[in-house]
Amino acid sequence: MSALGDSVKLPCGLVFPNRIVKAAMAEMLGGFANAPTPSLLKVYGQWGKGNWGAVLTGNVQVDVNHLGTPFDPALASGYTDPDTNKDLVETWRQYANACQEHGPPSIVQLCHPGRQSLRFAGRRGVFASPIAPSAIPLMMGESYAQQWMSWFVFPPPREMTQADIDLVTRQFVDAARLMADAGFSGVELHGAHGYLIDQFLNPKSNTRTDVYGGSATNRAKFVLDILHQIRAVVPSTFCIGIKFNSADHNSASFEHTMTQISLIAEAGIDFIEISGGTYEDPKMFDAGQTQPQPQKSARTAAREAFFLEFASAVRARYPTLILMLTGGFRTRAGAEYALSQNACDLIGIGRPAAIDPFFPRLFLDDSLTEEEARLTLKRVSVPFWAKLIPLSAVGAGWESSYYTRQIQRIAKGLRTIVPL
Ligand SMILES: Cc1cc2nc3c(=O)[nH]c(=O)nc-3n(C[C@H](O)[C@H](O)[C@H](O)COP(=O)(O)O)c2cc1C
């Protein structure tokens with residue numbers, strides 16, 4: 001029996017029945033109301049039946065004025081308590097039930113996009129600035145056309161005041177409380193991929209000279225305050241995890257990144273999910289590697305996880321942390337290799353879950369051969385006309401939107417299509 005089928009107990013007491021976790025993927029199914037919709041519930045009803053160790057939701061934005069995409073589910077106002085906000089709790093309870101009624105625990109990913117907020121996403125208005133630790137615009141390329149396009153798509157942010165920081169901290173805490181009251185098993189803070197928490201952690205996007213900047217410890221203050229304040233208000237059995245960028249792909253030094261991980265570990269975290277990349281450098285989708293092809297050897301497959309070395313380095317320093325590793329897993333051999341190297345406890349699965357909601361059976365059914373126990377996916381090819389868009393992230397955007405469409409096909413009860 002493969003170790004992939006072993007259960008994993010988190011420090012909060014929550015048990016994942018196996019190690020294969022559906023990673024967060026934005027579904028763009030929040031509609032114009034930016035709330036859980038019947039389509040969203042339908043797709044999570046499918047994932048809920050898929051025998052996952054846990055199901056992470058796509059990112060839920062803590063402030064509807066600042067969205068990643070126009071149709072992200074989000075919180076439109078503050079949350080007081082279940083009696084005052086009955087309808088709100090009921091809406092999110094239906095979402096929690098759809099995810100969890102067939103067994104797996106479900107964890108809501110909470111996010112604020114900061115400067116990675118599209119001009120036309122969110123209710124702040126197309127001319128209002130996004131917010132960020134420092135007023136540093138996103139730059140997706142160096143040419144004049146790329147800079148202009150970056151400016152047009154992602155308006156330059158304004159530096160957050162202390163009042164902004166207090167507000168966003170409260171929004172994360174309120175959102176976590178709402179998810180606990182709605183019956184979800186936990187939340188994951190999106191601290192990776194260049195979103196607001198990652199912007200604070202990273203010296204490239206955080207050049208502040210106050211208590212939130214200047215050192216690795218100061219840059220971690222924003223997320224640590226959020227973490228401490230959530231812990232103080234949710235039940236002790238409620239899981240709190242974080243998605244974190246590997247040091248290879250942020251501009252902080254390895255030691256600074258390790259310092260921040262140690263601070264997060266000390267604050268009490270149930271798991272850390274390792275990923276990497278930002279909109280400026282979208283390594284989360286390939287980390288510069290090519291996908292293993294079906295005919296490649298088991299040794300090649302073994303190296304398929306994008307951030308394996310970094311996860312191993314974190315493990316060596318913090319052996320008791322529960323680590324989830326996401327990015328590139330396509331074969332049972334690759335997932336077993338990562339476990340055998342003691343690089344992680346949990347295997348995060350993104351794109352394959354958008355093709356096959358029942359993906360874990362491929363890794364958990366011992367009767368399948370190595371050749372059968374895999375789902376190899378080609379890179380989505382970018383059409384000629386889209387290559388004319390002067391943004392370095394067009395390929396990653398194309399890749400992502402292809403899988404969003406597959407998620408939406410699952411919601412409609414249609415067959416998904418493997419990229420050709
Ligand atoms: C359509 C799509 C949407 C995604 N949305 C999110 C998201 O909301 N939050 C997040 O942390 N990662 C998001 N990701 C990244 C995945 O969680 C994962 O890190 C990435 O796809 C690499 O894993 P994979 O190789 O198994 O796909 C998204 C990926 C895709 C394809």
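The values are calculated or read from the model by the stated rules, or taken from the named source; none is laboratory data. Here the structure is a predicted model, which means the values were calculated and not measured. Neighbour counts run over all protein chains shown; Cβ positions are idealised from the backbone, glycine included.
Check segment 202-215 and report whether any residue there is assigned to a helix (DSSP H, G or I) and either surrounded by 22 or more Cβ atoms within 10 Å (Cβ to Cβ) or of a type in the set (S, T, N, Q) (or both).
No, segment 202-215 contains no residue that is assigned to a helix (DSSP H, G or I) and either surrounded by 22 or more Cβ atoms within 10 Å (Cβ to Cβ) or of a type in the set (S, T, N, Q) (or both).
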For a quick check of your reading: which helices (runs of 4 or more DSSP H) sit entirely within segment 306-365 and have at least 2 residues that are under 22 Å from Q46 (Cβ atoms) and within 10 Å of the ligand (Cβ to nearest atom)? 351-355
Taking the condition of being within 15 Å of K86 (Cα to Cα), within 21 Å of the chain's Cα centre (by Cα) and in a helix (DSSP H, G or I), how many residues in segment 160-188 meet it? 7
Please go through segment 377-392 and give me each residue that is within 15 Å of the ligand (Cβ to nearest atom) and touching a helix residue (DSSP H, G or I) at 6+ places or on another chain (Cβ under 9 Å), ordered by number. L377, R379, V380, V382
Just a yes or no: is a residue in segment 60-82 part of a helix (DSSP H, G or I), crowded, with 23+ Cβ neighbours inside 10 Å, touching a helix residue (DSSP H, G or I) at 6+ places or on another chain (Cβ under 9 Å) and among the aliphatic types (A, V, I, L, M)? no
Lone qualifier among A163, A232, A175 - being buried (at least 17 other Cβ atoms within 10 Å of the Cβ) and on the phi < 0 side of the Ramachandran plot: A175
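Report yes if L56 is outside any strand (DSSP E or B), of a type outside the set (S, T, N, Q) and buried (at least 17 other Cβ atoms within 10 Å of the Cβ), otherwise no.
So L56 fails the test.
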Mind checking whether some residue in segment 366-385 is assigned to a helix (DSSP H, G or I), at pLDDT below 95 and farther than 30 Å from E266 by Cβ? yes
Return the residues of segment 153-166 that are among the hydrophobic types (A, V, I, L, M, F, W, C) and touching a residue at least 12 places away in the same chain (Cβ under 8 Å); say none if nothing qualifies. V153, F154, M160, I165
I'm trying to understand the selection: among the residues of segment 185-207, which are away from the ligand (no atom under 14 Å from the Cβ) and within 11 Å of Q109 (Cα to Cα)? G186
Subset of segment 134-156 (residues that are hydrophobic (A, V, I, L, M, F, W, C) and closer than 21 Å to G395 by Cα): L138, M139, M140, A145, W148, M149, W151, F152, V153, F154
Checked segment 313-372 for anything of a type in the set (V, I, T) and in contact (Cβ under 8 Å) with a residue 60 or more places away in the chain; matches are I322, T326, I347, I349, I355
